[in-house]
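As C-alpha cells, the structure follows; a few thoughts come after it.
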Amino acid sequence: MKTLDRITFALRDVKITLHGRSAMTITDRIEINPKVMMGKPVIRGTRLTVELILRKLSEGAREEDLLDAYPKLTREDIHAAMRYAADTLAHEETIIMSSSKRVARG
C-alpha cells in the first residue's frame with residue numbers, strides 16, 4: 001500500500017486536508033492535530049479548542065468577552081467553531097436500543 005503525503009477531498013461544503021496523517025484542516029479555521037491539545041479540534045494556529053469556545057458561550061460569555069480574553073481569536077473563528085459543532089452533530093448517528101423487559105418501580 002502506497003503512503004500518501006497529502007489527501008484533499010470535499011465533504012459537503014467542508015474542505016478536509018490530511019498532511020501525512022499528522023494534521024487535518026477542517027475549513028480554513030478549524031484544525032485537528034494529534035500533537036495539539038491531544039487531537040481535539042482547535043482554532044487553527046492556536047491551542048483554543050472548539051469545546052472551550054462552546055463551553056464559554058454556553059456559560060453566558062458574549063463574543064466580545066471571548067475576543068477580549070483571547071486576542072488571537074476572531075469573530076469568524078467563533079462562528080467557525082459553532083459551525084463545526086453543528087456539522088459534527090448533524091452527522092452523528094444515534095442508536096436507540098430498546099429493552100424487552102421493563103423494570104417495575106416501587
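The values are calculated or read from the model by the stated rules, or taken from the named source; none is laboratory data. Worth saying up front: this structure is predicted, and the values here are computed from it rather than measured. Please note: Cβ atoms are built from the backbone with ideal geometry, for glycine as well, and neighbour counts cover all protein chains shown.
Return yes or no: is residue 83 free of Cβ contacts under 8 Å to residues at least 60 places away in the same chain and surrounded by 14 or more Cβ atoms within 10 Å (Cβ to Cβ)? So residue 83 passes the test.
Yes or no, residue by residue, for (1) modelled with pLDDT of 65 or more; (2) out of contact with any Lys or Arg (no Cβ under 8 Å at 6 or more places or on another chain); (3) in a strand (DSSP E or B):
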site: 21; (1), (2), (3): no, yes, no
site: 25; (1), (2), (3): yes, no, yes
site: 31; (1), (2), (3): yes, no, yes
site: 35; (1), (2), (3): yes, yes, no
site: 45; (1), (2), (3): yes, no, no
site: 54; (1), (2), (3): yes, yes, no
site: 57; (1), (2), (3): yes, yes, no
site: 60; (1), (2), (3): yes, yes, no
site: 64; (1), (2), (3): yes, yes, no
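Residues in region 41-75 that are under 14 Å from residue 85 (Cα atoms), exposed (fewer than 14 other Cβ atoms within 10 Å of the Cβ) and among the charged types (D, E, K, R): 55 only. The single condition from (1) over 13 Å from the mean Cα position of the chain (by Cα); (2) at pLDDT 95 or above that residue 77 fails is (1). Filter region 71-91 for residues that are in contact with a helix residue (DSSP H, G or I) (Cβ under 9 Å, 6 or more places away or on another chain) and outside any helix (DSSP H, G or I) and give the result. Across region 71-91, the qualifying residues are 73, 74.
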